[in-house]
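J.: Okay, handing you the structure first.
The values are calculated or read from the model by the stated rules, or taken from the named source; none is laboratory data. Quick caveat: nothing in here was measured; it's all calculated off a predicted structure. Quick reminder, even Gly has a Cβ in these numbers, built from the backbone with ideal geometry, and neighbours come from all protein chains shown. When the accessible area is computed, the model is the full protein with side chains, heavy atoms only, and any ligands, DNA or RNA have been set aside. Shrake-Rupley method; radii C 1.70, N 1.55, O 1.52, S 1.80 Å.
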Amino acid sequence: MTFMDMDADLSPSVSVSLLLATSIVLLYLLYTNLLGKESWEKYGVKQISLGRLALADFRVLTSTVVAQHGDTVGLNLGRLTLVTRDLELAKQVMVKDSKYFLDRMSTLVTRSAMETGLFFLGGDKWRSVRHLSTPSFSTGKLKHISKNIEESAQKLATVLEEFARNQTLLPVKHITSQYTSEIIARSAFGLRTDCLGKEDDEFTYYSKNMFRIRGKIYDKIMHLIFRSKKLHIFLSKTLGISMFDMVNKNTDKYFNDLISALITQRVELERQGTNKPTDLLQSLVAAKLAGDKEVAEHVSGDQSSENLPKTMSERDLVGQSMLIIFAGFETTASTFQMCLYMMAKHPDIQ
């Protein structure tokens, strides 16, 4: 099977790359020094300067600053960011005052519909899409998925048997990724894939490559850019520089074309009301159409636009669909990989 070439970091020359890297770092420093003057000090929180830690991975950065400066510290990462391991403070923010802290610190900056995925939304848009999406994950609807999982699990057992019988090494992550992809494709979109133990099909291939893969130098630059969301948005969305877009361009096109075509089919099935699939996409389409109908009824009733019920656009639907792939693919495949490894290491438990 032939795939479109993935976006790659094909630097034109070392000098140009270094010039680009230097320019980006200077822009970032200029932004943080001239525009990022707001401080945690006025809130009574100790604010620290990152220095060399600015280049560190965010998890390394947060664990390091907490270890060195106490349980609660303030950072200025283009906007004020609080880092804490104080459980009472965390409880205050996430439970007692949760209604004031709806928005997450989303780091996804892209022109892709992925940005409309529930995990990356905030405020009223998050409330609306969550309300519309929740029925798609009811217990009754999820029970249908168990049948798909059982069938795929039987295929997986056969593949593992073949590896054992031939006494060949098992590419664990490759197999668990294919297994996860097959379940997502069928349960979420009604698509049949047949690559378990074979070469990846397109759905699996692009699921594995949803985000851009960069070299080490560009990765360090990205860490700096990601610290300032406004700068990142300016470079990626305003200027449209694809190298700063977090979603792989070819992957985005593949899933956007695939899901848009499926949505068109499902809207027609929903309107006909017969032989409707029971997968997650059909549930989302039904929720969208119900929302559209409610909006139309309110409009005909000449009510205030502020009180109109919310619905989803087709782009929102594509975004929720891509989120299902993103949220379910890598996490599940990696966890299952570790489970199989631990079972192999402990045959008594197996």
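J.: So the check is Cβ under 7 Å with 6+ separation or different chains; which pairs have a first residue in segment 136-158 that's touching a residue at least 60 places away in the same chain (Cβ under 8 Å) and a second one that's open to solvent by less than 70 Å² (accessible area, probe 1.4 Å) and part of a helix (DSSP H, G or I)?
T.: Within 7 Å, the pairs are SER136/LEU280; SER136/SER283; SER136/LEU284; SER136/ALA287; LYS141/SER283.
J.: Pull out all pairs, ordered by first then second residue, where Cβ-Cβ is under 7 Å, the residues are six or more apart or on different chains, the first lies in segment 43-59 and is under 13 Å from LEU77 (Cα atoms), and the second is at pLDDT 75 or above and in a loop (DSSP other than H, G, I, E, B).
T.: Hits for this filter: GLN47/SER39.
J.: Follow-up question, since we're still on this one. For segment 240-264, which positions are surrounded by 15 or more Cβ atoms within 10 Å (Cβ to Cβ) and outside any helix (DSSP H, G or I)?
T.: Within segment 240-264, ASP245, MET246, VAL247, ASN248 qualify.
J.: All but one of (1) at pLDDT 80 or above; (2) surrounded by fewer than 16 Cβ atoms within 10 Å (Cβ to Cβ) hold for PHE58; state the number of the condition that does not hold.
T.: That leaves (1) as the condition not met.
J.: Collect the residues in segment 133-144 that are within 22 Å of the chain's Cα centre (by Cα) and either modelled with pLDDT of 85 or more or surrounded by fewer than 13 Cβ atoms within 10 Å (Cβ to Cβ) (or both), keeping them in residue-number order.
T.: SER133, THR134, PHE137, SER138, LEU142
J.: Can you name every residue in segment 265-282 that is part of a helix (DSSP H, G or I) and closer than 19 Å to ARG192 by Cβ?
T.: If the condition is that a residue be part of a helix (DSSP H, G or I) and closer than 19 Å to ARG192 by Cβ, then GLN265, ARG266, LEU269, LEU280, LEU281, GLN282 are the ones that fit.
J.: Conditions: (1) open to solvent by 60 Å² or more (accessible area, probe 1.4 Å); (2) under 18 Å from the mean Cα position of the chain (by Cα). THR116 meets all but one. Number of the miss?
T.: Failed condition: (1).
J.: So the check is Cβ under 6 Å with 6+ separation or different chains; which pairs have a first residue in segment 271-289 that's closer than 15 Å to ASN148 by Cβ and a second one that's open to solvent by 30 Å² or more (accessible area, probe 1.4 Å) and not hydrophobic (A, V, I, L, M, F, W, C)?
T.: PRO277/GLY190; THR278/HIS144; ASP279/GLY190; GLN282/LYS276
J.: Condition first: among the charged types (D, E, K, R) and out of contact with any Gly (no Cβ under 7 Å at 6 or more places or on another chain). Now tell me which residues in segment 310-350 satisfy that.
T.: Matches in segment 310-350: GLU314, ARG315, ASP316, GLU330, LYS345, ASP348.
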